[in-house]
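The structure under discussion appears below in the form of C-alpha cells.
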Amino acid sequence: MFKKPRWLAKRAEIIGHCAIGAAIAAKGFAVLEHVEVNWALAILCWVSATTILLCTAFHRRLATHIPSLAGLVLLLEAFVAVAIAFSGFHEGKVALPSSWFAVAVGYAAAGVFRLYRESRQRRAQSERSAA
C-alpha cells in the first residue's frame with residue numbers, strides 16, 4: 001500500500017488549519033452584516049481564528065512547552081464550529097449549520113484521538129526513562 005510521506009501529511013495539516021482559521025475569521029466578518037450584530041460570536045470567531053493561525057505558525061516553538069497543542073487546537077476548531085452551527089440554526093438556516101456540525105464532529109474526533117495518542121506517547125516515554 002502507498003504510504004504518504006510525513007512532510008506531506010504535515011503540509012496538509014497546516015493547510016487545513018489555515019483554511020479553517022480563514023473560514024472562521026470570514027464568518028466573524030459576515031456576522032457584522034446582520035441588522036442585529038451578534039458581537040459575542042464575532043469576537044469568538046476573531047479570537048479563535050487568531051489563536052489557530054498563531055498556533056499553526058509557531059507550532060514548533062509552542063509544542064515544546066505545550067505537548068498537547070495539536071489536539072487542543074483541533075478541539076478549539078470543533079468548539080467554534082459548533083458555535084457557528086448554533087448561530088446558523090438560530091438564524092433559520094438548515095443546510096449550512098449541518099455542514100458546520102459535520103466539521104465539528106470531524107475536528108472533535110481528530111482532537112480526542114490526537115490527545116489520546118499524545119498522552120500514550122508521553123506515558124510510554126516516561127516509563128522508558130524511569131526504567
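Tabulated data
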quantity: Identity of the residue in the range 64-104, over 16 Å from GLY28 (Cβ atoms) and aromatic (Phe, Trp, Tyr), that ends up farthest from the chain's Cα centre (by Cα); calculated: PHE89
quantity: Close pairs from the range 9-23: first free of Cβ contacts under 8 Å to residues at least 60 places away in the same chain, partner outside any helix (DSSP H, G or I) and surrounded by fewer than 14 Cβ atoms within 10 Å (Cβ to Cβ), Cβ under 9 Å, at least 6 apart; calculated: ALA12/LYS4
quantity: Scope the range 13-47; condition closer than 23 Å to ALA70 by Cα, more than 14 Å from the chain's Cα centre (by Cα) and among the aliphatic types (A, V, I, L, M); matching residues; calculated: ALA26, ILE43
quantity: Lone qualifier among ALA110, ALA81, ALA85 - being touching a helix residue (DSSP H, G or I) at 6+ places or on another chain (Cβ under 6 Å), surrounded by 12 or more Cβ atoms within 10 Å (Cβ to Cβ), within 26 Å of GLN125 (Cβ to Cβ) and at pLDDT 85 or above; calculated: ALA110
quantity: Spans of helices (runs of 4 or more DSSP H) in the range 1-85 with at least 3 residues among the charged types (D, E, K, R) and more than 18 Å from GLY111 (Cβ to Cβ); calculated: 6-31
quantity: Any hit, the range 92-103, residues being surrounded by 18 or more Cβ atoms within 10 Å (Cβ to Cβ), of a type in the set (A, V, I, L, M), more than 30 Å from SER126 (Cβ to Cβ) and out of contact with any Lys or Arg (no Cβ under 9 Å at 6 or more places or on another chain); calculated: yes
quantity: Single residue of TRP39, TRP46 found to be aromatic (Phe, Trp, Tyr) and at pLDDT below 90; calculated: TRP39
quantity: Looking only at the range 105-131, and only at residues there that are over 20 Å from ILE66 (Cβ atoms) and hydrophobic (A, V, I, L, M, F, W, C), the one that is farthest from the chain's Cα centre (by Cα); calculated: ALA131
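The values are calculated or read from the model by the stated rules, or taken from the named source; none is laboratory data. As the structure is a prediction and not an experimental result, all values here were calculated from the model. Counting neighbours? That spans all protein chains shown, and the Cβs are built from the backbone with ideal geometry, glycine included.
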